[in-house]
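The values are calculated or read from the model by the stated rules, or taken from the named source; none is laboratory data. Keep in mind that what you see is a predicted model, and the values were worked out from it rather than measured. When we count neighbours, we look across all protein chains shown, and the Cβ atoms used for this are built from the backbone with ideal geometry, even at glycine.
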Amino acid sequence: MTQSDGGADSLDSLVRRRIRALRLAQGWSLGELAGRARISQSSLSRIENGQRRLALDQLVTLARALDTTLDQLVETATDDVVISPTIDAARGRMRWPVRSDPGMSVIRQRMTEPPPDNPGRMRAHPGREWLVVLSGTAILMLGNRRIRVETNQAAEFPTMMPHAIGAEGGPCELLGIFDRDARRGHQRDNRGGETPEPVE
């Protein structure tokens, strides 16, 4: 990494501080990380102190030794730290994109109806989903199981298992987190017209 301008210099300094912070977070000495990265302790010390140029091959090795990736080691904070949701008033939903993985999304929804008791209305599709109950009690129908998820509890489940979610004993509010495959599965359900709208 060069230091030809202020931006590069700032990134260079950030990466050096990040290497040191990750090392200290693991409780490792300079010697321990140097051994894991197969570089000399003096070289690592100069890298952390800004006395040695950052070389790409060393960054890759250090990232691996620190159990992270090169992308995470050199990433910079974006100006848009706060993410505003997309609001779907008709369904009572708020959706936030997950910038680190555009295929993922987070949905907040208030639910009032119990889950369908007809297995034919349960869905199955590739992916995984997570739900966090913010208030009230949610019922997760998962295959033949009926699972109560109460306030401040969370559930994670594979969406290849037929599933449906609803409220118990009054309204509940929850956050649903969908990976790329689960999100695509729900989008296909919406387009098909024969499957009920996802209740997450």
Next item on the list: Please go through the stretch 134-153 and pick out each residue that is surrounded by 16 or more Cβ atoms within 10 Å (Cβ to Cβ) and of a type in the set (A, V, I, L, M, F, W, C).
Entry: A138, I139, L140, M141, L142, V149
Notebook entry, point to check: Can you pull out the helices (runs of 4 or more DSSP H) entirely within the stretch 1-89 that have at least 2 residues that are closer than 30 Å to R108 by Cα and at pLDDT below 85?
Noted result: 70-74
Margin query: Considering only the stretch 127-141, I want to know if a residue exists there that is of a type in the set (G, A, S) and assigned to a loop (DSSP other than H, G, I, E, B).
Written below: yes
Checklist line | Test: residue in the stretch 173-187 that is closer than 19 Å to T86 by Cα, part of a loop (DSSP other than H, G, I, E, B) and at pLDDT below 90 | finding: yes
Next item on the list: Could you pull out the residue among T159, T151 that is under 18 Å from L174 (Cβ atoms), at pLDDT 90 or above and either outside the structural domain of I19 (by TED's automatic domain parsing) or touching a Ser or Thr at 6+ places or on another chain (Cβ under 6 Å) (or both)?
Entry: T151
Notebook entry, point to check: Restricting the stretch 115-133 to residues that are out of contact with any helix residue (DSSP H, G or I) (no Cβ under 7 Å at 6 or more places or on another chain) and exposed (fewer than 14 other Cβ atoms within 10 Å of the Cβ), which is modelled with the highest pLDDT?
Noted result: A124
Check: For E156, are the conditions met, namely being outside any loop (DSSP other than H, G, I, E, B), surrounded by fewer than 14 Cβ atoms within 10 Å (Cβ to Cβ), under 22 Å from the mean Cα position of the chain (by Cα) and not small (G, A, S)?
Finding: yes
